[in-house]
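One structure below.
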Number of protein chains: 2
Amino acid sequence: MQHVLPEGYSVGGYCAGLKKWEKEDVGIILSETPATTAGIFTVNKFQAAPVYICKEHIDNNICAVLANSGCANACTGTEGYENAFSTLRQAARRFAVQSSQILPASTGVIGKQLEVTKINRAIEKVETGFIEKHLQAFARSIMTTDTFPKIVSRQLSLKKGPATITAFSKGAGMIAPNMATMLVFILTDVDIKKSLLHQMLSQAADSTYHSISVDGDMSTNDSVFCLANGRAGSIKGKEDYFYEQLKGVMEESARLIVKDGEGATKLITVEVKSAPSKEVAHGIAMKVARSNLVKTAFFGEDANWGRIISAAGSYEGDFDPRPMEVYIGPHLLFKNLVPLDFDEEKVTRTLQEDEITVCIDLNQGEAGARAWTCDFSYEYVRINADYRT
Amino acid sequence: MQHVLPEGYSVGGYCAGLKKWEKEDVGIILSETPATTAGIFTVNKFQAAPVYICKEHIDNNICAVLANSGCANACTGTEGYENAFSTLRQAARRFAVQSSQILPASTGVIGKQLEVTKINRAIEKVETGFIEKHLQAFARSIMTTDTFPKIVSRQLSLKKGPATITAFSKGAGMIAPNMATMLVFILTDVDIKKSLLHQMLSQAADSTYHSISVDGDMSTNDSVFCLANGRAGSIKGKEDYFYEQLKGVMEESARLIVKDGEGATKLITVEVKSAPSKEVAHGIAMKVARSNLVKTAFFGEDANWGRIISAAGSYEGDFDPRPMEVYIGPHLLFKNLVPLDFDEEKVTRTLQEDEITVCIDLNQGEAGARAWTCDFSYEYVRINADYRT
């Protein structure tokens, strides 16, 4: 599938040699027109140098993003800040913008200093553009244990004409609610007020990036940016439509992150229906999505409804367990507090699929929520027992 | 090591054939003198039949505990209650007590009905006593994926003379704060008021059974009972001493549960020191203890301090990350927001040990807390991908 960039952007990736293997590891996003920008960041008490810098720059109109993998530039002290600024100055020179108009983003090992010389050399050499090879090169430059580059793009139709939203993301491990080692760069060419963009991004994040779990761990570097450079005209009169499209792109990119979770073999959607409130629905969905026992059962293709109800029942908020029903795919497994006689063979066939939906119908209200998770495999343990060394 | 029972108790276990393999699966505790009893139970919304029954019986003076493994009697509807009561009636007849003076406890697969005939036959046949073989038989009768029976006993000295506290426990998986598939039976011969016993049990549980994590999952059947039959005399004037001894027994049995966590190869103590409050100390300790990334790093014997600080930093409450220090064993790895140069070889030797302490010194107050966890191995995934089938 061909992906497109919104008007006025170009992107690229370059192999600076920050990773052991020869792959792109420095990425650039450029916007010809300074873009209205909103961002959300990890709430971890230990935040990486680039996160601190982004929080200072995010109020400016943004012209560039400088991203790297192979090094998180977290827990690197004042040297880490100085290194990050040094690379921003290099990018500012090369692309004729202000340093304060650039957002940095890093992902990789914590506690290692940035290799500034290598990155600065990459900044000099990187070629940016807007065709598929450039998009792929950028998407690969932010990968860590990701196994595939993640690009989602969608065309909209505004009053003035067509517009585009394109999201690049990376995930793999340390993915949890309130984000994780998750980097997401959303580019669009619509014209939108900063406060509205921020509000839409935050609200849509609750039901997308904050509704996924790979391992329940939160990182020091999580960042989601949305740049809107206005080239395709205003969203005025189409605010709801734009919000739905933005949320759609965010949901798709969130699903890709989970699908490519470390060691994942299956993407599991946990849908909670007819809940007394949105909060309860989200709380129960996340309890199930984060349960190691549920996740290992899916890896084992085992219709273990008992672990699903245990996880749902561990939600601390108030709900009535009695009317709850549990479905795996189309199969009703649990109702009236007891399991039903179900056809194990049919359910097992559903469990053998790559994408599975667990539906929890609480039968006690109007609210709903979804969460996405992956199964938990030997491979997750292998990857994470070895990662640093 | 020989374990002892407090005065006036006898215990036993019998192989009723509830498990696939030929092992004890029905256990009995008898107290000659009706015992003052306190209990704490799972807060899961889906609670097993025996948990509901215990909550009704716990206000009575208790003469017996009837425990079984191989079947949790959870999600079994009214049939589950009737089955549990039927076994209680059988035990009441055999041991000449009231049904309402018996506490039932079940552990095993969820959603399966109790095999009443087998259990009732076991109740007829079981031989109880107070020597090591009886203690071992009871401890084995409550095992599920546990690999060893768990008995802790400690002798105290009261005014009237010696007294004893003995705890039997089982754990393995679904172990989380607020308990899990954890059954603990604490027996003592001291004389203590019910309200004080309950207060001591609850308070000590916060820093023991509520401070451990195997996989973060909470079960439908968790129960901790403490029976005190008064045979060895009153604790009057020695309340603090008794509390410390009780807490000591509970901590030791909690550690055994973690040590035998599913797939565990190491016991990890997470100690948080100099915290602004007990709540913050406990919160940070549990974030680290529950982190899958920390747990897989320990399995890989990797000095991955970055995951420890990420997990600590994900604690939502208020603390200052700047003065925090992180030690693995005696080795200081992190200070002033940056990692130190440490001797990888020496740290690796510490990581190769069976028991490891992670110390997080917040350097900002007087409070402290400890949590216990185990490493996360391939074996955890294997056990839990296969368990039901």
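Taken together, the values in this text are just the output of simple stated rules run on the coordinates, not laboratory data. What you see is a predicted model; the values in this text were computed from it and never measured. Neighbour counts are summed over all protein chains in view; Cβ atoms, including those assigned to glycine, are modelled from backbone coordinates with ideal geometry.
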If you average the alpha carbon positions of region A:344-360 and of region B:141-168, how far apart do those two centres end up, in angstrom?
45
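How long are the three semi-axes of the equivalent ellipsoid of region A:267-386, in whole Å, if each is the root of 5 times an eigenvalue of the C-alpha gyration tensor, listed from largest down? Mind showing how you got there, number by number?
Numbers: eigenvalues 109, 62, 26 Å².
Taking √(5λ) for each eigenvalue gives 23, 18, 11 Å, largest first.
Over the alpha-carbon set of the protein assembly as shown, divide Rg by the Kirkwood Rh and report the Rg/Rh ratio to two decimals.
That ratio equals 1.03.
Quick check: convex hull of the Cα atoms in region A:1-66, volume per residue, rounded to a whole Å³? Write out the running numbers ahead of the final one.
Values: hull volume 9.5 nm³, N = 66.
Spread over its residues, the Cα hull of region A:1-66 gives 145 Å³ apiece.
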For A:Thr78 paired with B:Glu355, estimate the spin-label separation in nm (one decimal), with each label point 7 Å from Cα along the Cα-to-Cβ line.
4.3
Place the label 7 angstrom along Cα→C-beta at B:Asp318 and in each other copy, then list the distances from the first to the rest in nm, shortest first.
2.8
Using a label position 7 Å from Cα in the Cα→Cβ direction, what is the ascending list of nm distances from B:Glu279 to the same site in the other copies?
1.7
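In what sequence do A:Thr373, A:Thr37 fall when counting other Cβ within 10 Å, fewest first?
Numbers: A:Thr373 30, A:Thr37 27.
With the sparsest Cβ surroundings first, the list reads A:Thr37, A:Thr373.
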Can you give the FRET efficiency for A:Leu332 and A:Glu279, using 1/(1 + (r/R0)^6), R0 = 22 Å, r = Cβ-Cβ distance, to the nearest 0.05?
0.30
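On a full-extension model of 0.36 nm per residue, what is the gain between B:Gln98 and B:Glu252, subtracting their alpha-carbon distance, rounded to one decimal in nm? Before the final figure, lay out the partial values.
Values: separation 154, 0.36 × 154 = 55.44 nm, distance 3.29 nm.
In short, 52.2 nm is gained.
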Given a cut-off of 21 Å, name the pairs among A:Lys266/A:Lys335; B:Lys194/B:Lys238; A:Lys150/A:Lys194; A:Lys150/B:Lys287; A:Lys259/A:Lys287 whose C-alpha atoms lie farther apart than that in the structure shown.
A:Lys266/A:Lys335; A:Lys150/A:Lys194; A:Lys150/B:Lys287
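In square nanometres and to one decimal, what's the mean projected area of the convex hull around the Cα atoms of region B:240-307?
Answer in nm², one decimal: 5.8.
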Farthest towards the positive end of the dipole of region A:174-304, among A:His282, A:Ser211, A:Ser234 and with Cβ unit charges of +1 on Lys and Arg and -1 on Asp and Glu, lies the Cα of A:Ser234
If one takes the longest principal axis of the Cα atoms in chain B, at what angle in degrees, from 0 to 90 and to the nearest 10, does the Cα axis of helix B:278-290 lie?
90
Extended-chain gain in nm, criterion 0.36 nm per residue less alpha-carbon gap, A:Lys194 and A:Thr348
50.6 nm
In degrees between 0 and 90, to the nearest 10, how far off the longest principal axis of chain A does helix A:132-141 point, with axes built from Cα atoms?
80
Run lengths n ≥ 4 of DSSP H only: what is the helix-derived mean residue ellipticity at 222 nm for chain B, with -39500 (n - 2.57) per run over all residues, to the nearest 500?
-10000 deg cm²/dmol
For A:Phe148, inter-copy label distances in nm, listed shortest first [label point 7 Å out on the Cα-Cβ vector]:
4.7
Values of log10 I(q)/I(0), in the order q = 0.07, 0.10, 0.12, 0.13 Å⁻¹, for chain B under a Debye, Cα-only, solvent-free model:
-0.33, -0.65, -0.90, -1.03
So if we plug the beta-carbon distance of A:Thr147 and B:Gln2 into 1/(1 + (r/R0)^6) with R0 = 41 Å, what FRET efficiency do we get, rounded to 0.05?
0.15
